[in-house]
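The next block holds one structure in the form of structure tokens; read it before the comments.
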Amino acid sequence: PLLLPPPSPLSLSFSLSLSPQSMDSSKKLPSKEAALFRNVIKFYELKQYKKGIKAADAILKVFPDHGETLAMKGLTLSCMDQKEEGVELVRKGLRKDPRSNVCWHVYGLLYRADHNYVEAIKCYRNALRADKENLQVLRDLSFLQIQMRDTKGYAETRRQILALRPSNKSHWLAYAAACHMGGDMKTSTRVLQAYADSLTDEDPTRAPYERSELILYRTMILVEGGDIAGALEIVENNKDVIVDGLALREERARLLHLLGRLSEAETEYRSLLEINCECHEYHAHFRKVLEEQWGGPDPEKMIGVYDELEKAFPHSLAPKRLLLDFSKGDAFRTRADRYVRALLHKGVPSLFMDIRPLYNDEEKVSILERLFLDYASSLQSNMAFPPLEGVEAVKETPDTYMWVLFLLAQHFDCIHEQERALAYIDEALRHTPTVLELYSTKALLLKHCGDYEGAAKIAEEGRLLDLADRFINTEAAYFALRADMVDRGEQTAVIFTKDGGGGEQSSNLFDAQCIWYETRTGESYLRTGQYGKALKMFLRVDKHFMEFVEDQLDFHTYCLRRGTLRAYISFLRMEDRLFGHKYYRRAA
Amino acid sequence: LFVVAMGESGMHPLVFTEMSAKVIGQVKALNAAVFPIHYDDSFYDSVLATPHLTRLAYHRGILVGAACCRLEREANQPSKVYIATLGVLAPYRSMGFGSQLLREILTMVQSLGGETVTQAYLHVQVNNDEARRFYERHGFCVSHEIPNYYVRLVPADCHVLVKDLTSAGPSSSA
């Protein structure tokens, strides 16, 4: 769901600029009717449709064949639930006055409301033929062009708009963005440079965020155009303008890295890690920079670096966790021992998921298994972990043992020893039956064993433990669907929708764009051979994705107006990749 | 209602809340693990009607103990509080949680406006020495025995343990 409220399909903001040319082709209405015509337009924009119709009819009484009035009346009617009549009238108006840009513009608006952008574009072009410099039509055309990704057309239209009205700053940004989308970085850079230069007289404290975004956007374009040094120069020269402090440092680090100025990049990344040592992206870049300086990967050196980092940031988890990736054998055992018992002591439920990537390494798996089993027996007999050098021996609280049992259950599940896993999870459940995670993990376990009904049953038991917990509700619904209990799945899922189960449940789930639910329900129908229902579900997913594409339309105006260009461009690119999204692929 | 009590495990204070409909499943799971008796839905319905007479005890985010009481007002008799259930999960016993729960209940009962509660009482199976000793430590005494109180348990008899609430002031920490 978008942050912007969706406009109702037909009420489009639209102002007809009545240039002298259009006055000509309106066959010279006398002043009284001309004033009425201006009112028709005004009433349309103000959504006072009844008044608009009255004014239009007043003109038509005297001039029944006035094309533009017919068209405007038609447009107004189409907003009043009389769409067919409206379309007819617009067509009639067009027939009467085929060279009126107003008529063509209106016709285009109708097509746009119908999401028929191809035809709408054609209409707008016709409108422009009648009135080449109609800014409003040009703008409407441009938005449809970018919606349809006609980047060449979009750039050309945007150039015209800029030429017509260079005083409007968003026109500059729009043209630059258009060139950017079309891959023409050079022009984009020139445009932004010219625009930036024109700003130098302005008060620098005005609109700080937009200025900052402009700099960062120019940087983005320069990098894509291959001029990394130029990008860095802009960043350096405009340090004070960039208000997004973190973005500034990240850009600097990235650019220095790209330029091969590795030791400076390293310094930048180190200072970023000082700000946020948990950010794995920074770590990844940092490691690359180091490895490039060393001429290739060097695990020993890396361990040394991270040992230092760990000492520098003793409370940070990331260095400790990453060291588990780099180390092997006995060193791995010691580090893993420290890491895991600290998290068990804290009672962190997500511990297993955190270390799961290590399970690709058989040696590490058996080391971990030995560790976990030792923990279990030690905690069971002494309520304490086995002694470890450098670690203070403390009495553990009783729940720590339960978390170890929980960990062992997940461990054995991961290495496909389901029976042992089940034994451990059941013991954990007997120990502390009030912990939600035990139930959802047992459900997962049973699913892995192929006992889908058992899984659904235990997930439901877990759900009852906390009716306000949305996550366990989702799990219970999911397992019900997996066990082909479609009704139960639906009943469970709707508990957290707007009406909470009464009334139109399905439509609430649809509005919420609950794709996982639709996909899983569809798959359940597939399994039970109800192909029609399955197809219905998958088509819903398709509809959601079409909506995602449609919803772009509002953002073209909004982002250009606000100057949030970096976000806008990456948004457009996300939309370009949309149908590759794994949710879509799964349903397709 | 959130009350934090520092007990023996000062590092991890117990957090007390009242029962609510959304977590009733947790309480059912706890009671099923702790008590040999099964409490049916009507029991929990009546408990939910007076949530202020319940206390749930959370240790490090996990529900480990729960207590449910009833106020009994008979004609021309002073009010009594009946402790219907009070239990702590087995691995979490001997940490003072039961005592804290009981103190919570008794404090709550004695700060109820509008009536003076003169007595607290409960039933303990005759062979449950551990429970009986626990309550005796907190000032309860065995008042009498009821034969065949428990329909499905063996032994079926129970002790009635009683504590007079009028004598001292607010319960002193045991």
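The values are calculated or read from the model by the stated rules, or taken from the named source; none is laboratory data. Just so you know, these numbers come straight off a predicted model, no measurement behind them. Cβ placement follows ideal geometry from the backbone for every residue including glycine, while neighbour counts extend to all protein chains displayed. Note: accessible area is taken over every heavy atom of the protein model, side chains too, but ligands, DNA and RNA are not part of it. Shrake-Rupley method; radii C 1.70, N 1.55, O 1.52, S 1.80 Å.
Data for the structure
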{"read-out": "Spin-label pair A:R470/A:Y209, simplified geometry with 7 Å Cα→Cβ offset, distance in nm", "value": "2.5 nm"}
{"read-out": "Net dipole in debye of chain B [+1 Lys, Arg Cβ; -1 Asp, Glu Cβ; about Cα centre; nearest 20]", "value": "360 debye"}
{"read-out": "Label point 7 Å beyond Cα of A:D240 along Cβ direction - residues of the range A:181-209 with amide nitrogen under 11 Å", "value": "A:204-205"}
{"read-out": "FRET E, pair A:Q530, A:F579, Förster distance 30 Å, beta-carbon r, rounded to 0.05", "value": "0.70"}
{"read-out": "Length-normalised contact order for chain A - Cα pairs under 8 Å, 6+ apart - percent", "value": "7 percent"}
{"read-out": "Segment A:A588-A:E156, extension gain: residue separation times 0.36 nm, minus the distance between their alpha carbons", "value": "151.9 nm"}
{"read-out": "Global form of the range A:187-277, assessed from the alpha-carbon gyration tensor, a/c cut-off 1.5", "value": "oblate"}
{"read-out": "Nearby lysines by direct alpha-carbon distance to A:K32 (threshold 20 angstrom, same-chain neighbours under 8 apart not counted)", "value": "A:K42, A:K50, A:K51, A:K54, A:K61, A:K73"}
{"read-out": "Carbon and sulfur %, accessible surface of chain A computed with the full protein complex present, 1.4 Å", "value": "52 percent"}
{"read-out": "Estimated 222 nm signal from helices in chain B, with DSSP H stretches of n ≥ 4 weighted -39500 (n - 2.57), rounded to 500", "value": "-7500 deg cm²/dmol"}
{"read-out": "Label point 7 Å beyond Cα of B:D157 along Cβ direction - residues of the range B:114-131 with amide nitrogen under 11 Å", "value": "B:126-127"}
{"read-out": "Check: the range A:123-230 dipole with +1 on Lys, Arg Cβ and -1 on Asp, Glu Cβ, in debye", "value": "380 debye"}
{"read-out": "Global form of chain A, assessed from the alpha-carbon gyration tensor, a/c cut-off 1.5", "value": "oblate"}
{"read-out": "Cα-based equivalent ellipsoid, the range A:452-588: semi-axes from gyration tensor eigenvalues, Å", "value": "33, 18, 13"}
{"read-out": "Straight-distance crosslink candidates among aspartates and glutamates, where the alpha carbon sits under 13 Å from A:K536 and sequence neighbours closer than 8 are dropped", "value": "A:E518, A:E523"}
{"read-out": "Loss of accessible area when A meets B, both sides summed, Å² nearest 100, probe 1.4 Å", "value": "1400 Å²"}
{"read-out": "Order by protection proxy (mean Cβ within 10 Å, highest first), peptides B:29-36, A:140-147, A:332-339", "value": "A:140-147, A:332-339, B:29-36"}
{"read-out": "Cα shape, chain B, gyration tensor, a/c 1.5 rule", "value": "rounded"}
{"read-out": "Surface accessible to a 1.4 Å probe, per residue, for the residues of the protein assembly as shown, Å²", "value": "50 Å²"}
{"read-out": "Relative packing of A:371-379, A:397-405, A:519-527, which averages over residues the other C-beta atoms within 10 Å, highest first", "value": "A:397-405, A:519-527, A:371-379"}
{"read-out": "Cα-based Rg of the range A:506-577 normalised by 2.2 N^0.38 Å, two decimals", "value": "1.47"}
{"read-out": "A:R38-A:L539 pseudo-label distance in nm [points 7 Å out on the Cα-to-Cβ vector]", "value": "5.1 nm"}
{"read-out": "Descending principal axes extents, the range A:121-187, alpha-carbon based, whole Å", "value": "33, 27, 14"}
{"read-out": "Shielded residues, the range B:88-115 - accessible-area loss of 10 Å² or more between chain alone and all protein chains, probe 1.4 Å", "value": "B:L89, B:P91, B:Y92, B:M95"}
{"read-out": "1.4 Å probe, heavy atoms, protein only - residues of the range A:429-446 losing at least 40 Å² accessible area vs chain alone", "value": "A:H431, A:P433, A:T434"}
{"read-out": "Cβ neighbours within 10 Å from other chains - mean over A:369-379", "value": "0"}
{"read-out": "Farthest toward positive dipole pole in chain A [+1 Lys/Arg, -1 Asp/Glu at C-beta], among A:A130, A:A113, A:G225", "value": "A:A130"}
{"read-out": "Cross-link pairs beyond the 23 Å C-alpha cut-off, checked among A:K47/A:K83; A:K364/A:K447; A:K132/A:K152", "value": "A:K364/A:K447"}
{"read-out": "Fully extended contour minus Cα-Cα distance, from A:N382 to A:F313, at 0.36 nm per residue", "value": "21.6 nm"}
{"read-out": "Highest-first arrangement of A:172-178, A:582-588, where packing means the average Cβ count within 10 Å", "value": "A:172-178, A:582-588"}
{"read-out": "Vicinal HN-Hα couplings computed from phi for the range A:237-251 (Karplus, 6.51 cos²θ - 1.76 cosθ + 1.60; Hz; Gly/Pro x)", "value": "5, 10, 3, 6, 7, 6, 8, 7, x, 5, 4, 4, 5, 5, 4"}
{"read-out": "Size descriptor, Kirkwood hydrodynamic radius, that averages inverse alpha-carbon separations across the range B:57-101, Å", "value": "12.1 Å"}
{"read-out": "Reach of A:K442 by Cα under 23 Å, taken over lysines that are not fewer than 8 positions away in the same chain", "value": "A:K346, A:K457, B:K22, B:K28"}
{"read-out": "Protein-protein interface of the range B:54-76, residues with accessible area decrease of at least 40 Å², isolated chain reference, 1.4 Å probe", "value": "B:R60, B:I62"}
{"read-out": "Within chain A, helix-based [θ] at 222 nm, where runs of 4 or more DSSP H residues each add -39,500 (n - 2.57), nearest 500", "value": "-23000 deg cm²/dmol"}
{"read-out": "Dipole moment magnitude, nearest 20 debye, the range A:311-362 about Cα centre, only Lys, Arg, Asp, Glu C-beta charged", "value": "260 debye"}
{"read-out": "Label-point separation in nm, B:D45 to A:A196, each point 7 Å along Cα→Cβ", "value": "7.3 nm"}
{"read-out": "Span from the the range A:77-99 Cα centroid across to the the range B:37-92 one, whole angstrom", "value": "72 Å"}
